[in-house]
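In what follows, a structure is listed as structure tokens, so that the remarks can point back to it.
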Amino acid sequence: MFYYTRYQIFAIKCSTANQDDVKYKYITLTWHHLALCTVHNCDLTRVKTGQVISSQLKIEEVWQFQQNVETYNDKPVQVPPGTTVLQAAATVGVEIPRFCYHERLAVAGNCRMCLVEIEKQIKPVAACAMPVMKGWRVKTNSDFTRKAREGVMEFLLVNHPLDCPICDQGGECDLQDQSPLIKTVMTRCIHCTRCIRFASEVAGIDDLGTTGRGNAMEVGTYVEKMFLSELSGNIIDLCPVGALTNKPYAFVARPWETRRTDSIDVHDAVGSNIVISHRTGEVLRILPRVNEEINEEWLSDKSRFACDGLKCQRLITPMMKINGKLESVSWEDALVAAAKEICCASNKCAAIAGKLADAEALVTLKDFINKLGSESLATEQSFPKDGAGIDLRSNYLLNNTIAKVEDADVVVLIGTNPRYEAPLVNTRLRKGYIHGEQTIALIGPDVDLTYDHEHLGDSLDIITQLKSGTHPFCSTLKNAKKPLVILGAEQLTRKDGAKILAETQALAKALESTSKISGEWKVLNLLHTNASQVAALDIGYNSTVEKIKQEQPKVLFLLGADDANITKENFPNTFIIYIGSHGDQGATIADVVLAGAAYTEKNASYVNTEGRAQQTCAAITPPGMARSDWKIIRALSEICDMTLPYDDLNDVRLRLEEVSPHLVRYGDLEPANFFAEALELSKETKGSFLPDPINIKQRSLDQFFMTDAVSRASPTMAKCVQAVIKQRQNEV
């Protein structure tokens, strides 16, 4: 039925969307169509069977043809349709120079640095924008190609200053081989527009653009304002020259002077992969590390720039409250004083884990509290015990994984603002909205998510209406093939949190029945904000802060708990022991402070919001007399004559494996099961919704930057908050 010509690459059989009048139309897509990446406003690189590509056409079948391209030193290469010359070259190890091209951004073809020669063609072609043809012979290093690139380089360097020895991009700039965070030297700009495309396509901020043409072109904001975004630091990595550099890192070090350690970020529950750049025991900067399953190659500004908080307000020695003031003491004195109170308290002990606590410290503290005869273990962000509680992981995980979020066709967000709570999850939602035509609805305060969405209101009754099918948005949900419900964990801390979870589970089940989805697709998803939360729930922290306040224990452990809204007035007769790395809110009310290590100073395990275990790696040693949290608890147990049965990190991780094997299967994802059982148990939840509307803590950018002990101690984050507030005042 389809004949092959030089210009045909694949054909699509389409039907009209109107089921009453089914007609078929065959569209033959040419190389020209693919280069433009548009036919009926559809991105051809993502064409799928069943996809509606316009108001009238729906894809029924797709035929693709493999193209044989003889290229690159006469090496034959077979690539799928739509592959560009530059991508095909990469498959055989041939690197074509480029400035403007980036695999995660739209093709611009601005720099012309990737020009190559194609046999029997008069002019060179841009390798980044030209799809390959059958029988092409591409020359990437011929005299003709080199001369073309030399001409391009001459134009690029006409106005480019020769200041490489003092440029912060020195050693990383491709030419060599606007905010409190970004230093701009626009005389170095080569107009690749990577920053503009990232801001528009990924960050969802249209503040950057170009003015003028040709030699007079300039990149910047259209009006005098700062480029403020939760993802702005990524344009530093994208900039191929030194026009955009890391302002806090300016003139600090050269790349070859530093050491690099792979690790993960703990400022949110996403678990972004990072590289810690350090020298002589000091963290100098944080860079993103590619992980396609989690953060791709992006990083939030808080994760990237808050590292200077690791040097401020640090606890470097144990401290005791003497005459109402905290004073430095030896480890022996601090541990003995704490042990005396613990032994007197017997089973009247409790513990609250903070958002940065690692799994090793969590299991060690739990074992110690259990040995003392207590079960009072809570996290700062409480989780309801009604229904299945924490017994079934499907209740508290992002069950459909971060990478699959972009594949959903309809998303319902309940009580969450992923833009600031989990920026790298929000980029997935934005990608799905742009490329997959996602429909997104929000229940809660109307906030700027960087993409269009339907605001359904802030009443909890909307969840019930969606479940029963009486809400107008149900007409959209009925046509969903891959619906997704994302519930913000913050809502579960409410007094009616158990009811919210139960109704959300019922809504997810109703959508599963309507959509007839496969077993691999999970509708119910919970989005956490605290890095320690999932591991704590896995280990068995099932109490709440409010319950511990009612119990009034004689001894209270605060494991880095600085955001639990705890004051000395809540525990007037309680001896408080704080274990943490910073002198933050928890340390100020403690009777004994035990100096712990930060996430860059220890080998520790964390479980992200989708249930994936990962580990941090120690890049530097803890400052002063600080020690890893689990070692402090182990030493305390020994002085109390209740020695815990592990002496090193391997022993602790064996204990973690006993509790739950997935806690030490780093990088692997342990899927949750028993959704039907969780739903049945949730039906036993009593009570009703409170009349209070849904509230979200992080609504604006200034509320994003300082959310934990490290970021609150960061001078850079403080400057960002001031900049956002100042710009907001100027806009009024």
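Put simply, the stretch 273-313 fits an ellipsoid with semi-axes of 21, 12, 6 Å; these come from the alpha carbon gyration tensor as the roots of five times its eigenvalues, largest first. Taken about its Cα centre, the chain carries a charge dipole of roughly 1360 debye when the Cβ of each Lys and Arg holds +1 and the Cβ of each Asp and Glu holds -1. Size descriptors for the stretch 455-554 (Cα atoms only): Rg and Dmax, in that order, 16.5, 57 Å.
The distance between label points at residue 603 and residue 316 comes to 2.7 nm (points 7 Å beyond Cα on the Cα→Cβ vector). Residues 232, 179, 513 in ascending order of nearby Cβ atoms (within 10 Å, fewest first): 513, 179, 232.
Equivalent ellipsoid of the stretch 526-661: semi-axes from √(5λ) of the C-alpha gyration tensor, largest first, are 24, 19, 16 Å. Sorted fewest first by neighbouring Cβ atoms within 10 angstrom, 532, 543 come out as 543, 532.
Couplings 3J(HN,Hα) for the stretch 435-451, derived from phi with the Karplus relation 6.51 cos²θ - 1.76 cosθ + 1.60 (θ = phi - 60°), are 9, x, 6, 5, 9, 10, 10, 10, 10, x, x, 6, 10, 7, 9, 6, 8 Hz, where x marks Gly and Pro. P(r) for the stretch 207-318, from all Cα pairs and a bin width of 5 Å, is 2, 10, 17, 21, 18, 13, 9, 6, 3, 1, 0, 0, 0 %, short bins first.
Scaled to the globular estimate 2.2 N^0.38 Å, the Cα spread of the stretch 658-732, given as radius of gyration, is 1.88.
Cβ crowding within 10 Å ranks 470, 84 as 470, 84, fewest other Cβ atoms first.
Between the beta carbons of residue 517 and residue 330, assuming R0 = 56 Å, the FRET efficiency works out to 0.40 to the nearest 0.05. In the stretch 70-158, one over the average inverse separation of all distinct C-alpha pairs is 13.2 Å, which is the Kirkwood hydrodynamic radius.
About its Cα centre, the stretch 560-625 has a charge dipole of approximately 200 debye under the convention of +1 per Lys or Arg Cβ and -1 per Asp or Glu Cβ, with nothing else charged. Of interest is the spacing of the C-alpha centroids, which for the stretch 90-120 and the stretch 446-514 amounts to 44 Å.
Let me make sure I get this right: for the stretch 340-449, a, b and c are the square roots of the gyration tensor eigenvalues over alpha carbons, sorted descending. Under 1.5 in a/c it's rounded, otherwise prolate if a/b > b/c, else oblate. Which is it? In terms of gyration-tensor shape, prolate. Any idea what the dipole of the stretch 70-158 comes to, in debye rounded to 20, about its Cα centre with Lys/Arg Cβ at +1 and Asp/Glu Cβ at -1? Roughly 140 debye for the stretch 70-158.
Taken one residue at a time, the phi angles of the stretch 102-118 give Karplus couplings (6.51, -1.76, 1.60, θ = phi - 60°) of 8, 5, 9, 10, 5, 6, 10, x, 7, 7, 6, 6, 8, 4, 9, 9, 10 Hz. Gly and Pro are set to x. With the simple spin-label model, which puts each label point 7 Å out from Cα in the Cβ direction, the residue 143 to residue 688 separation comes to 8.8 nm.
Annotation: the antiparallel percentage among DSSP beta bridges lying fully within the chain is about 60. Farthest towards the positive end of the charge dipole of the chain, among the residues 605, 363, 487, is the Cα of 487, using unit charges on the Cβ of Lys, Arg, Asp and Glu.
For the stretch 190-258, go through all pairs of different Cα atoms, get the mean of 1/r, take its inverse, and jot down that Kirkwood value in Å. About 13.3 Å, per the Kirkwood formula over Cα pairs. Reducing the stretch 370-387 and the stretch 178-235 to their Cα centroids gives an inter-centroid distance of 48 Å. Along the axis of the charge dipole computed for the stretch 578-732 (Cβ charges of +1 for Lys and Arg, -1 for Asp and Glu, origin at the Cα centre), the listed residues 688, 671, 661 are led at the positive end by 688. Computed from backbone phi with θ = phi - 60° and the Karplus coefficients 6.51, -1.76 and 1.60, the 3J(HN,Hα) list for the stretch 340-348 is 4, 5, 5, 5, 6, 6, 6, 8, 8 Hz; x is used for glycine and proline. Taking 7 Å steps out from each Cα toward its Cβ at residue 251 and residue 727 produces label points 2.5 nm apart. Within the stretch 587-732, the proportion of C-alpha pairs whose separation exceeds 23 Å stands at 64%.
Computed over the alpha-carbon atoms, the chain gives an Rg to Rh ratio of 1.00, Rh here being the Kirkwood radius from the mean inverse distance.
Computed from the coordinates by the stated procedures, all read-outs in this text should not be read as laboratory data. Just so we're clear, the structure is a prediction, and the values are computed from it rather than from any experiment. Counting neighbours? That spans all protein chains shown, and the Cβs are built from the backbone with ideal geometry, glycine included.
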